[in-house]
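The values are calculated or read from the model by the stated rules, or taken from the named source; none is laboratory data. Predicted, not measured: the structure shown is a model, and the values here were computed from it. Please note: Cβ atoms are built from the backbone with ideal geometry, for glycine as well, and neighbour counts cover all protein chains shown. Heads up: the accessible areas ignore ligands, DNA and RNA and are worked out on the full protein's heavy atoms, side chains in. Shrake-Rupley method; radii C 1.70, N 1.55, O 1.52, S 1.80 Å.
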Amino acid sequence: MTPLPPQSHMQAALAEAEAAHARGEVPIGAVLVDAGGQVLAKAGNRTRELNDPTAHAEMLAIRAACAALGSERLPGADLYVTLEPCPMCATAISFARIRRLYFGAFDPKGGGVEHGPRIFNQPTCHHAPEVYGGIEETRAGELLRAFFSARR
């Protein structure tokens, strides 16, 4: 498989978010790529489908990439996700030793990177990736707003 150019990785994460939305899940998508840009794993939220509160897009992508590589760590990998990761996912990102995190919309209520507990800034955090927020923020935010406004 040919590596995607970097701008395409967030587009792929947004496609995973749209697929999650079509399944009735909160529209969040994630794509993990290796240092060369090769896609290791991609996923959308599946908490309802799997009856699993940990089945966030990031967690599923990390699990799939680790399984495929036969390793509990992904030191050269970059994660693209459509929403600022929650504290659980931020901790998993740290434990997996992911190199860079790119995310779309900021999450003042449930985020764990730029908001809330700011996991990567804690003295107990063993590894903090480089973080780049606001990538395709408008599109990612619109997907979430549309999903939640239809539920209200």
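When the chain is fully extended, how far beyond the present Cα-Cα distance does N121 get from A68, taking 0.36 nm per residue of separation? All intermediate terms of the calculation are to be shown ahead of the outcome.
Values: separation 53, 0.36 × 53 = 19.08 nm, distance 2.97 nm.
Full-extension gain reported as 16.1 nm.
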*Once you wrap a convex hull around the alpha carbon atoms of region 65-152, what is its projected area averaged over all directions, in nm²?*
6.3
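Obtain the radius of gyration and the Kirkwood radius of region 1-72 from its C-alpha atoms and give Rg over Rh. Don't skip to the answer; put the middle values down first.
Details: Rg = 12.2 Å, Rh = 12.3 Å.
Rg/Rh for region 1-72 comes to 0.99.
What is the calculated FRET efficiency for D34 to E142, with r their C-beta to C-beta distance and R₀ = 35 Å, to the nearest 0.05?
Details: r = 30 Å, r/R0 = 0.85.
With a Förster radius of 35 Å, E is 0.75.
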*At a 1.4 Å probe radius, which order do L69, L32, L144, L40 fall into by accessible area, largest first?*
L69, L40, L144, L32
_In Å², nearest 10: area of S8 left accessible to a 1.4 Å probe_ = 30
_Taking all protein chains in place and a 1.4 Å probe, what share, in percent, of the accessible surface of region 56-98 do carbon and sulfur account for?_
64
_Along the Cα→Cβ direction, 7 angstrom out, place labels at V131 and S8. What is the inter-label distance in nm?_
2.9
*Residue by residue through region 118-133, which ³J(HN,Hα) values in whole Hz follow from phi under the Karplus form 6.51 cos²θ - 1.76 cosθ + 1.60 (θ = phi - 60°), with glycine and proline marked x?*
6, 3, 6, 8, 6, x, 7, 6, 7, 8, 10, x, 5, 10, 10, x
_I'd like the accessible area for E16: 1.4 Å probe, protein heavy atoms, all chains in place, Å² to the nearest 10._
40
*Please work out how much accessible surface F95 shows to a 1.4 Å probe, ignoring ligands, DNA and RNA, in Å² rounded to 10.*
120
*Using the heavy atoms of the protein chains and a 1.4 angstrom probe, tell me the accessible area per residue for region 19-152 in square angstrom.*
48
*With the full set of protein chains in place, find how many percent of the accessible area of region 109-152 is carbon and sulfur; take the probe as 1.4 Å.*
49
_Cut-off 14 Å (backbone N to label point 7 Å along Cα→Cβ of R97), residues of region 112-152_ = 126-129
*Count neighbours as other Cβ atoms within 10 Å of each site's Cβ, and list the trypsin sites (Lys or Arg not before Pro) in region 1-69 that are DSSP loop with at most 14 such neighbours.*
R23
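In the P(r) worked out for region 1-122, what percent of Cα pairs fall beyond 26 Å? Can you show the working numbers first?
Numbers: 853 of 7381 pairs.
So the pairs more than 26 Å apart make up 12 percent of the total in region 1-122.
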